């Protein structure tokens, strides 16, 4: 069918979110590679699909989406009956899942992405690592906010999503 | 009924999200004030409700939630039949709404919160504003990423959610 197009890069972890959802739902799609080193994400057709000039961008027929988490939500709901079941209909169990989805988006990812970019991607591309100040802040945030909640032995350690769901 | 409890502060913009959802759905709730200046958010009962030690925290009977956006999603779905209708059942229209919900959470809020904290809240509390480097980065991000997409006259200016939804 290939009415679905994903504009992205195989190096992009945010694009991988979309690929993962499509593979889980067993949906055919066309991959349109975007060369970010050449700045293609700031040009057409991406800039008309995503005004922020970022990947992934997504088309399903006439529907045009961006923001990887919104795209995965759409795939899960629109293709409810295909492949792996990704939607929980019980609103209380769904709420527990939403909590940890938000923890990923609001807590884990900002710190982890910053560290990955500075310590992993930039050296690969031959770009200088950022000055120590913001980097140490990211590490500090990651350590205090995320590890605070997960460190073994802490009485308040985070329970995994499944444990929470099983308690509902 | 008051089985619903919101632990928060009337000064907290993230807690306001939850209050707004409850008011829109016309749901009674108990407000439990948390004195953040006294560090109450890092102590019981908050720390057992939210391992990150942040407000708002939320209880609906046995269900305990945190992360303001997850709480508002829960309220919208669990109390579907009450008050203002906040859920769109059409998955394509819902996807458009999700895109702009993610733009709020991933693009607008991180930059706007940083600026509000440094330029608004800290002076109110008599705290020193952060050094210029990270602040200028936040402003730069806000200017390039957010205003880039909204500046009038730009051909790629963001359309309001309603305009997008009406096109679907």
Would you kindly work out, in nm and rounded to one decimal, the distances from the label point of residue B:119 to those of the same position in each other copy, ordered shortest first, with label points 7 Å along Cα-to-Cβ?
-> 3.3
7 Å along Cα→Cβ, label-point gaps from residue B:37 to other copies, nm, shortest first | 5.5
State, to one decimal in nm and shortest first, how far the label point of residue A:48 sits from each corresponding label point in the other identical copies (label point: 7 angstrom along Cα-to-Cβ).
-> 5.8
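Where does each of A:74-85, B:116-127 land if you order them by average Cβ count within 10 Å, highest first?
Details: A:74-85: 16.4, B:116-127: 12.0.
The most tightly packed comes first, giving A:74-85, B:116-127.
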In whole angstrom, the spacing between the Cα centers of segment B:54-120 and segment A:4-35 equals 26
Which whole number gives the average count of other chain Cβ atoms within 10 Å of the Cβ atoms across peptide A:86-97?
-> 4
Potential lengthening between residue B:48 and residue B:125 on full extension [0.36 nm per residue; Cα-Cα distance subtracted] = 25.0 nm
First check a/c for segment A:4-78, with a ≥ b ≥ c the square roots of the eigenvalues of its C-alpha gyration tensor; if it is under 1.5, answer rounded, and if not, answer prolate when a/b is larger than b/c or oblate otherwise.
-> prolate
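Every number in this text was worked out from the coordinates using simple rules, so none of it is lab data. Bear in mind the structure is a predicted one, so any value in this text is a computation, not a measurement. A quick note on method: Cβ atoms are made from the backbone with ideal geometry, for glycine too, and the neighbour counts reach across all protein chains shown.
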